[in-house]
Amino acid sequence: MNHLQPKTSHWADVYAAKVVREKGDKDLYTCASGITPSGTVHIGNFREIISVELVVRALREIGKKVRFIYSWDDYDVFRKVPKNMPQQEMLQAHLRWPITLVPDPYGIEESYARHHEVAVERILPVVGIHPEYLYQAQRYRSSLYAEQIKRALQKREEIRRILNAHRTEPLAPDWWPISVFCGGCNRDTTDVLSWDGEYGVEYSCSSCSKHETVDLRTTGLVKLLWRVDWPMRWAYEKVDFEPAGKDHHTEGGSFDTASQIVREVYDWEAPVSFQYDFISIKGRGGKISSSSGEVISLEDVLAVYTPEVTRYLFAGTRPNTEFAISFDLDVIKIYEDYDRCERIAFGEEPVDEKRREKERRIYELSQVGEVPTQMPYQVPFRHLCNLLQITGGDIEKTLDMLPDMKPEDKDRMRVRARCAWTWITTFAPEDFRFSLRRPEEGPIPLSAESKRAVQVFRALLEERMGASAGTALDEKTLAEEIYRICTESGVDPKQFFLDMYRILIGKDRGPRLAGFILTIGKDRVLPLLSGY
């Protein structure tokens, strides 16, 4: 028995050690993931692939050689047309076909399945994920699994017994562990009539009345049913680790039956596994579904979260914990949490050693490429949002406003700024958004007292904003000066803040005033105050 201890207490390291412990010391470990490309591949599907990738990374870091496979189950049946797809009528006409033969409704890729596969294959490298892709349609249609299908037919009664043990209604006497796509109309509307004990399978089709016998060694029409197909592939690929959603891990669910089938039919042991929970989108309940079209894709998430922060969402959460991906004000908190994790990892915040080790490991697993060896440049997400709104979304001007940033930090900050601007313009609440008024829009009506207070404030800024070190204004000093001016002018501070926000951004509220004015800068503020 191998007593390998986990590298850290992080769940990816714990499962990496478990794989080695349970599967023994091997030259090569195979870790698997997969999905049916029945519609847009959503962020819930991504949870499985990144969960596998994190364990793969943990195995490689302890010196193990790993094969990381991702199966496209593109020989599955096209059962339902998602609402978010074009050409609904054309797609309806192809229901019950294998999705690899359904045309791409966008007219770009060779099939409906390939359209969804390409979308994922292009974007996974952005988050540092590089699996070996296996295309099940290709494999079935080339008769690669002829012997495995024959084996399932030979063991038909054993498989029936295993499945019946977990069913309330026993399988029908004419049940077979296979389905057949019709050679005439491509649909799975077929009945298996007989098997000759070797490679011959006889079927008939209720859609087009075709009736023929096919040879498993030369046909691509026969496919194992899901509950048999999954364990067959564990044995075929020698899979050591594969997680699954909690629906598969329920008692008597597909993982339980697959574990028995793989042992009794295919002479292999089930992989080490865990169940991962579902993901919701903040503000929307329920499970995300590819077939319904109610989805948020990885691409949607990467529009708002940088690749590292996207990985952090998953690396920092145990797989069996349900969580929501937020597009509301929580986005600010998630960026703050990531930045704090980074500071703790580099010893920039005082925490106990156990917490530092935990955060350091989450941080390492959140990185797309090499883990930085020096503390990266940080700018708070909220502040970055304010700067972007001051420059009207000009990312280069915004980066130029950041002090002490080294050239090597710019690319990373550019990505963060792009995400911040997308969030501001697409998802941020209305009261978070602002844009600076233009001087030509003219002054707003003010009471005499308020006008005097603004005049005094303008004189202060003219004299001391950007002055020499001894008299220059910092945020604390400017805030104190604002209250002094209000007292001396007889203006309620609340009224002064209201007036200033209306002058600067045409709204009743905005970012903290003193810091905001210093950020905007003398050249932008004074023209807006000159009409008073």
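The values are calculated or read from the model by the stated rules, or taken from the named source; none is laboratory data. Since the model is a prediction, treat every value here as computed from it, not as a measurement. Note: ideal-geometry Cβ built from the backbone for every residue, glycine included; neighbour counts use all protein chains shown.
Could you look through the range 480-494, keep only residues that are within 46 Å of the chain's Cα centre (by Cα) and surrounded by fewer than 17 Cβ atoms within 10 Å (Cβ to Cβ), and pick out the one that is nearest to Glu449 (Cα to Cα)? Only one residue tops the list, namely Pro493. All conditions in (1) in contact with a Cys (Cβ under 9 Å, 6 or more places away or on another chain); (2) crowded, with 21+ Cβ neighbours inside 10 Å; (3) among the charged types (D, E, K, R) hold for Asp229, with the sole exception of (1). Restricting the range 22-61 to residues that are of a type in the set (Lys, Arg) and in contact (Cβ under 8 Å) with a residue 12 or more places away in the chain, the residue that is nearest to Glu109 (Cα to Cα) is Arg47.
Determine, yes or no, whether Gly39 is surrounded by fewer than 23 Cβ atoms within 10 Å (Cβ to Cβ), of a type outside the set (A, V, I, L, M, F, W, C) and either closer than 15 Å to Arg361 by Cβ or touching a Ser or Thr at 6+ places or on another chain (Cβ under 9 Å) (or both). For Gly39, the condition - surrounded by fewer than 23 Cβ atoms within 10 Å (Cβ to Cβ), of a type outside the set (A, V, I, L, M, F, W, C) and either closer than 15 Å to Arg361 by Cβ or touching a Ser or Thr at 6+ places or on another chain (Cβ under 9 Å) (or both) - is not met. For the range 341-360, taking the residues that are part of a loop (DSSP other than H, G, I, E, B) and touching a residue at least 24 places away in the same chain (Cβ under 8 Å), the one that is nearest to the chain's Cα centre (by Cα) is identified as Phe346. Within the range 78-89, residues that are at positive phi sit with their Cβ atoms under 8 Å from residues that are in a loop (DSSP other than H, G, I, E, B) and at pLDDT 95 or above, at 6+ positions apart or across chains, in these pairs: Gln87/Pro105.
Pairs meeting the criteria (first residue in the range 242-265 and on the phi > 0 side of the Ramachandran plot, second residue not in a helix (DSSP H, G or I), beta carbons under 6 Å, at least 6 apart or on different chains) are Gly252/His166. Under the condition of being of a type in the set (A, V, I, L, M), under 16 Å from Pro37 (Cα atoms) and out of contact with any Asp or Glu (no Cβ under 6 Å at 6 or more places or on another chain), the residues counted in the range 119-147 number 4.
When the test is whether a residue is farther than 28 Å from Asp523 by Cβ, assigned to a loop (DSSP other than H, G, I, E, B) and without any contact (Cβ under 8 Å) to a residue 40 or more places away in the chain, Met375 passes it. Per the conditions (1) modelled with pLDDT of 95 or more; (2) within 25 Å of the chain's Cα centre (by Cα), the sole criterion not satisfied by Asp409 is (1).
Would you check if there is a residue in the range 452-470 being assigned to a loop (DSSP other than H, G, I, E, B) and either in the same structural domain as Ile332 (by TED's automatic domain parsing) or among the β-branched types (Val, Ile, Thr) (or both)? No, that holds for no residue.
Taking (1) of a type outside the set (Val, Ile, Thr); (2) buried (at least 18 other Cβ atoms within 10 Å of the Cβ); (3) in a helix (DSSP H, G or I) in turn, Ala428 satisfies each apart from (3).
Looking only at residues of the range 165-202 that are of a type in the set (Val, Ile, Thr) and surrounded by 14 or more Cβ atoms within 10 Å (Cβ to Cβ), we find that the one that is farthest from Glu251 (Cα to Cα) is Val201. Let me confirm something: among Tyr363, Tyr338, Tyr312, which residue is closer than 30 Å to His249 by Cα, surrounded by 21 or more Cβ atoms within 10 Å (Cβ to Cβ) and either in the same structural domain as Glu48 (by TED's automatic domain parsing) or more than 14 Å from the chain's Cα centre (by Cα) (or both)? When all the criteria are applied, what remains is Tyr363. Of the candidates Phe516, Phe497, Phe427, the single residue that is assigned by TED's automatic domain parsing to the domain that holds Leu402 and under 44 Å from the mean Cα position of the chain (by Cα) is Phe427.
With a requirement of 2 or more residues that are in the same structural domain as His248 (by TED's automatic domain parsing) and small (Gly, Ala, Ser), the helices (runs of 4 or more DSSP H) lying completely within the range 42-141 that satisfy it span 43-61, 112-123. Only one entry in Thr477, Thr519 is surrounded by fewer than 17 Cβ atoms within 10 Å (Cβ to Cβ), among the β-branched types (Val, Ile, Thr) and assigned to a helix (DSSP H, G or I), namely Thr477.
Being assigned to a loop (DSSP other than H, G, I, E, B) and at pLDDT below 95 is the requirement here; does Asn2 meet it? For Asn2, the condition - assigned to a loop (DSSP other than H, G, I, E, B) and at pLDDT below 95 - is met.
Take the conditions modelled with pLDDT of 95 or more, out of contact with any Cys (no Cβ under 8 Å at 6 or more places or on another chain) and of a type in the set (Phe, Trp, Tyr) and apply them to Phe346. Does it pass? Yes: the conditions hold for Phe346. Restricting the search to strands (runs of 3 or more DSSP E) fully inside the range 181-247 and requiring at least 1 residues that are of a type in the set (Phe, Trp, Tyr) and assigned by TED's automatic domain parsing to the domain that holds Thr257 gives 190-195, 200-205. Scanning the range 101-137 for residues that are within 15 Å of Phe181 (Cα to Cα) and touching a residue at least 40 places away in the same chain (Cβ under 8 Å) turns up Leu101, Gln136, Ala137.
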